[in-house]
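Colleague: Have a look at this one before I ask anything.
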Amino acid sequence: MNVWLLFLLLHLGGASAVPAPITQQESPPFQKTVRFNVYTFVVKAIDTDSIQTVTVAAYRGSLLLTRFSQPVSGRLTGAEVGDLDGNRLPELYLYSTDTNAGLAGRVRGWQFLPERLATITTVQWAAPGAGYMGLDTLWTTKQSLCRQFPVYTINNSDARPTGTNRRICYRLRPSGLNYQLQPE
């Protein structure tokens, strides 16, 4: 009798139950985990209207050091860690592309000091010279952050690439309580 009742309950309950809708979770447009010695950084970017919200979680081993979010204009395209100033503490660099300015590259950065988080800004970034129209490629080396872009000829009718690229490298320097990336 109990088996029969169980069969009826399962059969009738399954037949009359409305199946739960299948939902597909959207993955963030950008997600990356980067490491520097015992530090791990998890970077995620979620689209919200015309800007992205970037969330960074920083860990030393399994200890969460900080988690913060901030809006970023354009599209996040990369995340790297480095130690450009050689102090053996990590810096996190996020690269984004501003689609409204010919795919101009932008950098946001933070130095993770033992007692606090220091902001890294850029100096002389907006106007890298004549012939600039965006399409930046960004990366870090052992001691600098580099930016490369194609050079264009500008005339009255149109802009054409010259076939050459320009590279500018930036060094990390102290600036008050924070840091700046300054051209070499």
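The values are calculated or read from the model by the stated rules, or taken from the named source; none is laboratory data. Predicted model, so just to flag it, every value in this text is computed and none were measured. A quick note on method: Cβ atoms are made from the backbone with ideal geometry, for glycine too, and the neighbour counts reach across all protein chains shown. All accessible areas refer to the heavy atoms of the entire protein, side chains included, with ligands and DNA or RNA removed. Shrake-Rupley method; radii C 1.70, N 1.55, O 1.52, S 1.80 Å.
Colleague: If the requirement is being of a type in the set (A, V, I, L, M, F, W, C), at pLDDT 65 or above and out of contact with any strand residue (DSSP E or B) (no Cβ under 9 Å at 6 or more places or on another chain), which of these qualifies: Leu12, Leu63, Leu76?
Modeller: The conditions single out Leu63.
Colleague: Here's another thing I want to ask about it. Among the residues of the range 67-87, count how many are more than 15 Å from Phe36 (Cβ to Cβ) and assigned to a strand (DSSP E or B).
Modeller: Summing the residues that are more than 15 Å from Phe36 (Cβ to Cβ) and assigned to a strand (DSSP E or B) in the range 67-87 gives 11.
Colleague: For a quick check of your reading: which strands (runs of 3 or more DSSP E) sit entirely within the range 94-178 and have at least 2 residues that are closer than 17 Å to Ala79 by Cβ and either open to solvent by 40 Å² or more (accessible area, probe 1.4 Å) or at pLDDT below 95 (or both)?
Modeller: Per the criteria, 104-112, 117-122, 137-140.
Colleague: Within the range 38-59, how many residues are open to solvent by 80 Å² or more (accessible area, probe 1.4 Å) and under 18 Å from Gly109 (Cβ atoms)?
Modeller: Here the count works out to 1.
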